[in-house]
Amino acid sequence: MKLLKPLGLLLSMAMAASAPAQAQNFPSKPVTLMVPYPAGGLSDLIARKVNVALSAELKQPVIIENLGGAGGAIAAQKVLSAPADGYYLFQGSPNELILAPLAMKAVKHKPEDFRLIQRMALAPMAIVASSKFPANNAQEMVAEIVKRAKAGNPVNYASVGTGSFYHLLGEEMAKKIGVDMLHVPYKGGGPILQDLLGGQIDLFITPYGAPHVAMAKEGKTKFLAALSPQPQRLIPDVPTVDQAKALKGFYYTISSGYYVKKGTPEPIVEALHRALTKVMFDADFRNTMTAMGQDVGEALRLDQTAQVYADEVKLYQGIAKSIKLEAQ
């Protein structure tokens with residue numbers, strides 16, 4: 001029995017010694033980018049541009065895994081179920097990490113289970129409508145929403161899941177207008193676009209990119225309003241929400257970044273931060289993001305990321321509280 005303590009001590013020392021070695025050799029195998037939505041949406045398009053440049057920096061293949069459902073919580077949980085070794089990167093936003101736990105009782109993760117490595121992009125947002133929707137601007141949209149609510153046939157709006165940012169914005173918009181709207185949750189932006197094209201969905205409050213603009217130019221969908229004080233770069237002819245008195249000041253953007261499981265060794269976090277920061281300055285990445293309508297975010301120092309993430313948690317939890325979001 002006396003041999004057990006020295007043996008245990010030796011094992012502990014060996015494991016402790018191996019951790020820095022593993023971090024120093026990181027990555028020694030492919031890295032996976034977990035995208036919490038099906039292929040075809042804006043998140044997927046961003047990932048397919050990041051993975052090429054990131055692979056070049058890490059000198060390992062970077063594989064994209066799409067896993068939609070439960071407002072991104074299924075994908076988040078899969079990352080948390082994996083070792084905290086940096087080989088699973090979560091491409092996330094406040095939707096999946098902050099809001100999903102507030103909206104769904106089945107979601108067990110908390111924002112603090114993840115650590116922000118780098119914020120990559122800021123997405124402008126707008127209200128997109130089916131081409132069959134009768135309104136063409138914010139003022140006409142508000143009038144149509146009020147008319148149909150009074151007739152008992154409320155305007156519907158899509159989101160990427162109950163408790164998602166887009167769900168909250170729909171609820172906040174309905175609250176500002178003073179009538180009910182019908183929320184229709186989906187697993188991702190790709191399926192929503194299909195139903196917008198088919199006319200089953202009336203409205204979608206969403207970040208957008210060049211593909212969405214192309215659809216609108218072809219008359220397949222239409223932009224009703226930009227969620228900003230001034231017209232936006234890709235849709236300069238689309239008026240802002242300020243056109244409708246009820247929606248004045250209804251301005252929002254959303255960030256997209258990469259996260260790892262809390263407890264990932266610091267040398268691995270540093271290696272990923274360096275690589276992702278270099279990706280942000282990759283000319284092809286920046287040009288593609290600009291063409292897609294995304295604003296490449298300011299490159300954060302690693303010592304800034306915790307505060308930036310904490311500020312986002314406070315902001316989005318505040319929005320959820322303001323509309324009395326309850327977990328279901």
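Determine whether residue 116 is within 14 Å of the chain's Cα centre (by Cα), in a strand (DSSP E or B) and surrounded by fewer than 23 Cβ atoms within 10 Å (Cβ to Cβ). Judged against the criteria, residue 116 is not a match.
I want to confirm something. Restricting to region 208-249 and keeping residues that are out of contact with any helix residue (DSSP H, G or I) (no Cβ under 8 Å at 6 or more places or on another chain) and either under 17 Å from residue 134 (Cβ atoms) or aliphatic (A, V, I, L, M) (or both), which single residue is surrounded by the fewest Cβ atoms within 10 Å (Cβ to Cβ)? Filtering first and then ranking leaves 219.
Entry remark, region 51-79: residues being assigned to a helix (DSSP H, G or I) and either touching a helix residue (DSSP H, G or I) at 6+ places or on another chain (Cβ under 6 Å) or not assigned by TED's automatic domain parsing to the domain that holds residue 113 (or both) number 8 in total.
For (1) assigned to a helix (DSSP H, G or I); (2) farther than 21 Å from residue 243 by Cβ; (3) touching a Phe, Trp or Tyr at 6+ places or on another chain (Cβ under 6 Å), each residue gets a yes or a no:
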{"site": "120", "(1), (2), (3)": "no, yes, no"}
{"site": "123", "(1), (2), (3)": "no, yes, no"}
{"site": "132", "(1), (2), (3)": "no, yes, no"}
{"site": "142", "(1), (2), (3)": "yes, no, no"}
{"site": "157", "(1), (2), (3)": "no, no, no"}
{"site": "162", "(1), (2), (3)": "no, yes, no"}
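Regarding residue 253, is this residue under 23 Å from residue 76 (Cα atoms), out of contact with any helix residue (DSSP H, G or I) (no Cβ under 8 Å at 6 or more places or on another chain) and modelled with pLDDT under 95? Yes; evaluated as a whole, the condition is true for this residue. A residue that is in the same structural domain as residue 214 (by TED's automatic domain parsing), buried (at least 18 other Cβ atoms within 10 Å of the Cβ), touching a helix residue (DSSP H, G or I) at 6+ places or on another chain (Cβ under 7 Å) and among the aromatic types (Phe, Trp, Tyr) occurs somewhere in region 155-170. The residues of region 279-312 that are under 16 Å from residue 55 (Cβ atoms) and crowded, with 17+ Cβ neighbours inside 10 Å, listed by number, are 279, 280, 282, 285, 288. Within region 69-90, residues that are farther than 12 Å from residue 38 by Cα sit with their Cβ atoms under 8 Å from residues that are of a type in the set (D, E, K, R) and modelled with pLDDT under 95, at 6+ positions apart or across chains, in these pairs: 73/96; 76/96; 77/108; 90/96.
Which pairs have Cβ atoms under 6 Å, sit 6 or more apart or on different chains, and link a residue in region 179-204 that is farther than 19 Å from residue 71 by Cβ to one that is of a type in the set (D, E, K, R) and surrounded by fewer than 16 Cβ atoms within 10 Å (Cβ to Cβ)? As it stands, the answer is 197/220; 199/132, since those pairs meet every condition given.
The values are calculated or read from the model by the stated rules, or taken from the named source; none is laboratory data. From a predicted model like this one, the values you see are computed outputs, not experimental measurements. Here the Cβ is made from the backbone with ideal geometry for all residues, glycine too, and neighbour counts use every protein chain on show.
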